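So the structure is just underneath, and the comments pick up after that.
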Amino acid sequence: MSLRTIMIFPEFNNMDIIDEIRDKYDPLAKLVRPHITIVFPFEMDIANDELCMIIENRFRDFKSFEIEMQGFSKCEDRFGNYLFLNMIKGAETIIQLHDLLYSNEFSAFDLGMPFIPHMTVGKLKTVDDLNDAYESVAGNKTVFKSIITKISVEMIGENDESIIVIEKKLC
């Protein structure tokens, strides 16, 4: 069984700003493109073609949609110290995508935590490092806009590298 995740890879005209922040604060920056996670990493005994059918069926009626991201926040939880790029438009649709999967085939992986759509741009070792990173980006008011046209399933390789195994185009 392989570790997989379901995500969106937005394409922003000003992606270089996100890349610069991630290069500084995100240990996964060189392994996976900037993304918004819909289903967090999971191991499920299911073939990719079966998983593709689930995604096709569940997301059949979803159309392409616009997102906007702006501003940063920080999160400290049992998984680590995270720096997030906040979503200001499109969150409702991403929540629908997330909830549709977690209330059905992925219910066993639901940790019962509130889902707030975001893009992780940093994972820091300590709370002090997180606070310093947050202070360095807090004044950045850049708006990031994208039209989301597809959902991807990523397999996480042996060295944490991202391998795209499924892409579902939205209507």
Residue count, segment 110-145 (criterion: among the charged types (D, E, K, R), touching a residue at least 60 places away in the same chain (Cβ under 8 Å) and either part of a helix (DSSP H, G or I) or buried (at least 18 other Cβ atoms within 10 Å of the Cβ) (or both))
1
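Residue-by-condition table, conditions (1) within 28 Å of LEU100 (Cβ to Cβ); (2) exposed (fewer than 15 other Cβ atoms within 10 Å of the Cβ):
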site	(1), (2)
SER2	yes, yes
PRO10	yes, no
ALA29	no, no
VAL32	yes, no
VAL39	yes, no
Is it the case that GLY112 is among the small types (Gly, Ala, Ser) and closer than 21 Å to ALA29 by Cα?
no
Just wondering, is there one or more residues in segment 153-170 that are touching a strand residue (DSSP E or B) at 6+ places or on another chain (Cβ under 7 Å), surrounded by 12 or more Cβ atoms within 10 Å (Cβ to Cβ), among the hydroxyl-bearing types (Ser, Thr, Tyr) and at pLDDT 95 or above?
no
One residue from ALA108, ALA138, ALA91 being under 17 Å from PHE65 (Cα atoms) and either touching a helix residue (DSSP H, G or I) at 6+ places or on another chain (Cβ under 8 Å) or not acidic (Asp, Glu) (or both):
ALA91
Being at negative phi and within 14 Å of the chain's Cα centre (by Cα) is the filter here, so list the residues in segment 69-95 that pass it.
MET69, TYR82, LEU83, PHE84, LEU85, ASN86, MET87, ALA91, THR93, ILE94, ILE95
Unique residue being farther than 21 Å from ILE156 by Cβ, among the small types (Gly, Ala, Ser), crowded, with 20+ Cβ neighbours inside 10 Å and modelled with pLDDT of 95 or more when the list is GLY71, GLY90:
GLY90
Please go through segment 94-109 and pick out each residue that is part of a loop (DSSP other than H, G, I, E, B) and either under 16 Å from LYS150 (Cα atoms) or in contact (Cβ under 8 Å) with a residue 12 or more places away in the chain (or both).
ASN104, GLU105, PHE106
Expected output for segment 28-44 (first residue of a type outside the set (Phe, Trp, Tyr) and in a strand (DSSP E or B), partner modelled with pLDDT under 95 and open to solvent by 10 Å² or more (accessible area, probe 1.4 Å), Cβ below 6 Å, 6+ apart or cross-chain) is PRO41/LEU3; GLU43/MET1; GLU43/LEU3
Any idea which residue in segment 69-93 is farthest from ILE147 (Cα to Cα), counting only those that are of a type outside the set (A, V, I, L, M) and touching a Gly at 6+ places or on another chain (Cβ under 7 Å)?
TYR82
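The values are calculated or read from the model by the stated rules, or taken from the named source; none is laboratory data. What you are looking at is a predicted structure, and each value in this text was computed from that prediction instead of being measured. All Cβ positions, even for glycine, are placed from backbone atoms using ideal geometry, and neighbour counts span all protein chains on display. Only protein heavy atoms, including side chains, enter the accessible area calculation; ligands, DNA and RNA are left aside. Shrake-Rupley method; radii C 1.70, N 1.55, O 1.52, S 1.80 Å.
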